[in-house]
1. Rounded, prolate or oblate, given the Cα gyration tensor of the chain, with a/c below 1.5 counting as rounded?
2. Could you list, bin by bin from short to long, the percent of Cα-Cα pairs of region 371-519 in 10 Å steps?
3. Can you give the net charge of the other residues whose Cβ lies under 14 Å from the Cβ of ASN111, counting K and R as +1 and D and E as -1?
4. Quick one: what does P(r) look like for region 268-311 with 5 Å bins over all Cα pairs, in whole %?
5. Percent of accessible area on the chain owned by carbon and sulfur, 1.4 Å probe?
6. Could you point to the residue in TRP92, GLN207, VAL560 farthest towards the positive end of the chain's charge dipole, with +1 and -1 charges on the Cβ of Lys/Arg and Asp/Glu respectively?
7. Counting only helical runs of four or more DSSP H residues, what would the 222 nm mean residue ellipticity of the chain come to if each run contributes -39,500 (n - 2.57) and the total is spread over all its residues?
8. Kirkwood Rh over Cα pairs of region 215-369 into Stokes-Einstein at 25 °C, 0.890 mPa s: D in µm²/s?
Amino acid sequence: MKNINNGFFPCMLFLLMCLVYSGIAIDPFSRSHSLKTECIMKPPRSIAEQELTLLSRSDEDDSDQEWENGAIREMAQRIQLQQGIIYSFSAWVKLRGGNDKKVGVVFRSGNGRLVHGGEVRAKQGCWSLLKGGIVPNVSGPVDIFFESEDREAKIYANNVLLKRFSKEEWKLKQNQLIEKIRKNKVRFEVTYKNKTTVKDAVISLKQTKLSFLLGCAMNFRILQSEGYRKWFASRFAITSFTNEMKWYTTEKVRGNENYTAADSMLKFAEENGILVRGHTVLWDDPKMQPSWVKKVKDPEELMNVTLNRINSVMKRYKGKLTGWDVVNENLHWDYFEKMLGVNASSRFYNLAYKLDPDVTLFVNEYNTIENPGEVTATPVKVKDKMEEILAYQGNENIKGAIGAQGHFSPTQPNLAYMRSALDTLGSLGLPIWITELDMPKCPNQAKYMEEILREAYSHPAVEGIIIFAGPEVSGFDKLTLADKDFNNTETGDVIDKLLKEWHQKTSDIPNIFTVDHENEEEDVSLLHGLYNVNVSHPQIKNLSTSLCLEVTKEMGQRQVVRVVINA
């Protein structure tokens, strides 16, 4: 919890006391590209009847509510929140005068502690949707503020709404969305060449490749432990290396490159069908440069050694990785920008794209989804950074993506804020990966990690997750998944449970029998991914065929697979 002091100023206060009801107004799960949420001339009418409206006035009322310089323009009663309940917040906001500025919502508890609940880049003369929320650690009253980074900002608000969910209701919403975004209904039609149905044909399926991957980082200790290797290969299909590809590891001495550890780890991954995500070409933190680089003060010389680094690592692993963090944490830090100019990151992404145009290039930051009080790498600023890089000449065709690291604190995660942050990042239309998910040890670590993982999995913009974890021998002391004998910890049990749940088990797919009439019950729900399909018939010996099926979100909510038998 932080004070509002990082260049932000409180611009609105509500003191409201009444019941908070469930409703269907701005549903935090209704991320729809058809719903325009930025710069609209009139906010849409709320359709909720059971909703706490913090500003109770008609949508037809043109006298918008205005606050400026912390002055309270309207006073109501204080809101009472309940511990463990998830509260989703939404409001349409706009500015009058000045430039576009971030506007955020802040909840102040009775003891003065502040919880930042979400933000949006508000604009002059048009409305933008601010979303977020809070999961209170204790029951009690809160005051609700709007804050702006501009003391002179005049903020107008409309349809300010708060919505409550129990943990069970939130999980139900997640599961409903998972069914929609991670699965398709598939119907099989088996016919002869004359288009008549092969009645009672039996169709069996086996998933061979997952679309959504839950992976795990690894480090050099995997090369030293056969048990670690077996444990890892039996679970995960994607990884990243914690330090082994970083510049300070591969070139400790200038001109003396050593990729031995990274090469050996990549070989292990390839032999076991494990994909690898590159981490990281460069790091913008001045403390995370090779010691000899820190001594290079001449910009031209620094540019030369940096270009050599980019060429070396990207050419070496071209075509072998699923993605690259190009300039790690380039919102929190600006080493290369200070030394080489404000466009340094954009230039490096340009070179990376030219060296490997098919690989996905990430902006990778921390505190973006896990810390509502973040100032430097907020969702809005990460989005702005990605747009800045893509707008640089020659970068318009980059396969860009957002990496949200996810280093959560050992407390109840603010799932409402996390979802709103993912909404903001996802508005770019680019893939999002959770790239370094972990949490310090705490009594509820397993419970909290499951909540975070399910939140990410149930968001349509998230395409994969990598946790920073491992067995005890790996040295991951925050998120330890197994003891020295490779017996699961409680958190390890959660990871194994989700790995199984997010993989299409053969036992969940009964044999499908074709018939000669349409029936919705004949559809089978399949997770996105690749499948081997076998078609046979219990009474016709020569009737047998196999094919490969890809189930994807691009195919829509229902796919029809037609199989023609040459008999």
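1. Because a/c hits 1.5 or more and a/b fails to exceed b/c, the chain counts as oblate.
2. Percent of pairs per bin, in order: 10, 32, 28, 18, 9, 3, 0.
3. +2
4. With a bin width of 5 Å, the distribution comes to 5, 17, 23, 19, 9, 10, 9, 6, 2.
5. Of all accessible area on the chain, carbon and sulfur atoms account for 48 percent.
6. GLN207
7. Mean residue ellipticity, 222 nm, calculated: -7000 deg cm²/dmol.
8. 152 µm²/s
The values are calculated or read from the model by the stated rules, or taken from the named source; none is laboratory data. What you are looking at is a predicted structure, and each value in this text was computed from that prediction instead of being measured. Neighbour counts are summed over all protein chains in view; Cβ atoms, including those assigned to glycine, are modelled from backbone coordinates with ideal geometry. When the accessible area is computed, the model is the full protein with side chains, heavy atoms only, and any ligands, DNA or RNA have been set aside. Shrake-Rupley method; radii C 1.70, N 1.55, O 1.52, S 1.80 Å.
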